[in-house]
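The values are calculated or read from the model by the stated rules, or taken from the named source; none is laboratory data. Since we're looking at a predicted model, the values are computed, not measured. No Cβ is skipped: glycine too gets one built from the backbone with ideal geometry, and neighbour counts run over all protein chains shown.
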Amino acid sequence: MLIFGRQFLIGISFGICYLLGCSLAYDGNSYQPSSPPTVYIHDSSFHPDRILRVTTQVYPLDCTTRYSVVINGSIPGPELRFREGDKIWIRVYNDIKDENLTIHWHGLTMRMSPFSDGTPAASQWPIPPMHFFDYEFELQSGDAGTYFYHSHVGFGAVTAYGALIIEERVKDSPPFVYDDERTLVLTDIFYRNDSDIVGGLMGDPFLWSGETFNVALNGHSRSPNATADKESTSCSYGVVTVKPSTTYRFRFIGGTVLSHVFLAFEGHGSMTVIEVDGHYVSPVEVDHIEIGSGQRFSVLFKSKSIEELSVDRINGKDQYWLQMETRTRALITVSFAVLAYSDADIPDRFTKPTTPPLLLPTESFTSGWLEDELWPLPSRPYDDSFPQASEVTRRIFINVQQNFNVNGTKKVMWHQNGAPWFENSVPEPYLVSLYKNSKSAFPDYENALKHGGYDTKTKTYPAKLGEVLEIIWQNVGNTQSGTVETHPFHAHGDHYWDAGCGTGSYSETVAEAMLQDRMRYGGPIKRDTTNLYRTPPATTTTPGAIVSWRAWRLRVRNPGVWMVHCHIVQHMMMGMQAVFVFGGKNDLKPLTKEQAALYLEFGGQAYGNATYSPRVVHFWHD
Ligand code: C2O
Ligand code: CU
């Protein structure tokens, strides 16, 4: 916390609540905060815990410059660190003169502050230019882990992002021992600017963004075409500096907009995976990491001893490469960062490796995926148990397919069950509609049941609290050549149980047998981003054929409006998004008419600007 007085108060109120158990109760269906929502005026006496100021500017990147969305003047934006139990306000200023903005806290569950999820058209009106919005959330036990935040408007996430780390409470420690930690955020490099890219993706004729040029580490990358005279910090490999004989927790964050990255360190043997998407897992030794857009992995990494280093140094080696290769696309990008030792000379951030030092595996269903080796950590029970097949109340199939020449145009779109979803598919954000006129705005549940779970009237997938859904994604060959791609599907609102994946059409028998097998070793883990894989070679399928599936199971427990989408931002722009509405009108956080009114207009009373202090509902804070 920046403000010590506040932290003190938070500490006390949390302490009392902890003793009395009053902070937050999970009643088996949903979370219920104890205190009633109250309106406060956020004038100059209000001090947010963090401030993010978002601008657009020409910013140095990959040995050139690019007009980009930038947070607090830098790419990445600041790393945010909080603790379980913290009640947080983050003020986000949209200082962009001509574009709206929202920020999403990727992987965090906005259990009962549903206006804070940062999805325009779903959970809130976006922040208009030259306005600000105060995002509120409370972190629960079990939230400790690795997350990130990013713009959720247009293609902004390519540069507007930052790490978001949740630590245990002061009195608790992580279930693994390490000496220190480092954050490693991977992102993609695109040279064309955001509006250009989005214009092409949504345009008629369609124009692809192109593939990533490079993968950056913590905002740093050196274009493979860079020349020797270009040696500046904005044209240098990212560097991770470590001390000898130290065990680190490396937190990898898949902040890429497109790339699925396979990576490993040169000369350092295995790493031990301990956390995935904000959940500790049984430690597993791996020789490489596979990280898709939106996914996070923590590994334990043991640095070399002084003795080992001196042997290497005699051989002329005093720094090592982190090799990052993209997979799942036709074009493979091989990118690098440097692992340097603090007792060595200043690292060389400019000289490119003569040949890639590592041979990383290819993608393949047959040789399996890294995620196949992930098991829950028994000592860390989840906040709900894995729902057995008998508990599943409904199975929703979502078939995804790329459609060419939609309605005689030259547009290309991604459809879910025959329809794309775009931000402009609805006249106002769903949650706003729900609070404005709850009766007619709520999805028609019966209508949805008739259409495979999809309410054709509101274009949403409604579910009742307490239901146990199984969501089956299926990859359908595109309308032109039958090609399929890999899609890292991400869910807002809650984490789901990863109930497996396979080739061909989903089969209950096959899937359940795989799950039963997995149960013998501890069962599935919870994730918030998993892949609907392509089946390489991806070019030999038939239009309309189902070639692969991915299954999720989840208990519906957090009322609100939650996006589910492919985390490849290009695909999102092309329609690969869906909206779930959890809970009915009696489940939404009850707000008085006056309280709700603050949020119901674009640029309304909950949105501040230079001369106006916003009126804000405190969902969590007393
Ligand atoms: Cu990180 Cu809706 O996304
Ligand atoms: Cu996708």
Selection from the range 424-444 of residues that are part of a helix (DSSP H, G or I), surrounded by 14 or more Cβ atoms within 10 Å (Cβ to Cβ) and free of Cβ contacts under 8 Å to residues at least 40 places away in the same chain: SER433, ALA441
Please state which of the following conditions TYR149 fails to meet, knowing it meets all the rest: (1) within 16 Å of ligand 2 (Cβ to nearest atom); (2) closer than 17 Å to ASP528 by Cα; (3) not aliphatic (A, V, I, L, M). (1)
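Sort out which residues of the range 133-172 are assigned to a loop (DSSP other than H, G, I, E, B), hydrophobic (A, V, I, L, M, F, W, C) and farther than 29 Å from PRO37 by Cα, and write them in order of number.
Once the filter is applied, which keeps residues that are assigned to a loop (DSSP other than H, G, I, E, B), hydrophobic (A, V, I, L, M, F, W, C) and farther than 29 Å from PRO37 by Cα, the range 133-172 yields PHE155, ALA160.
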If you go through the range 192-222 one residue at a time, how many are of a type in the set (S, T, N, Q) and out of contact with any strand residue (DSSP E or B) (no Cβ under 7 Å at 6 or more places or on another chain)? 2
Pick from the range 456-478 the residues that are part of a loop (DSSP other than H, G, I, E, B) and within 16 Å of ligand 2 (Cβ to nearest atom): which of them is nearest to ARG553 (Cα to Cα)? GLY477
For a quick check of your reading of the model, give me the residue pairs whose first member lies in the range 476-494 and is within 16 Å of ligand 1 (Cβ to nearest atom), whose second is of a type in the set (D, E, K, R) and part of a loop (DSSP other than H, G, I, E, B), with beta-carbon atoms closer than 8 Å and at least 6 apart or on different chains. HIS490/ASP528; ALA491/ASP528; HIS492/ASP117; GLY493/ASP117; ASP494/ARG557
Can you tell me which residue is surrounded by the most Cβ atoms within 10 Å (Cβ to Cβ) among those in the range 570-585 that are part of a loop (DSSP other than H, G, I, E, B) and away from ligand 2 (no atom under 16 Å from the Cβ)? GLY583
Considering each residue of the range 545-569, count those that are outside any loop (DSSP other than H, G, I, E, B), within 15 Å of ligand 1 (Cβ to nearest atom) and at pLDDT 95 or above, and give that number. 7
Test ASN403 against the stated conditions and say whether it is within 16 Å of ligand 2 (Cβ to nearest atom), in contact (Cβ under 8 Å) with a residue 12 or more places away in the chain and not aliphatic (A, V, I, L, M). yes
One residue is enough: does the range 528-536 have a residue meeting the conditions in the same structural domain as ASP95 (by TED's automatic domain parsing), over 29 Å from PHE148 (Cβ atoms), in a loop (DSSP other than H, G, I, E, B) and more than 16 Å from ligand 1 (Cβ to nearest atom)? no
Applying the selection to the range 81-121, what residues are away from ligand 1 (no atom under 16 Å from the Cβ) and part of a loop (DSSP other than H, G, I, E, B)? GLU84, GLY85, ASP86, ASP95, ILE96, LYS97, ASP98, GLU99, ARG111, MET112, SER113
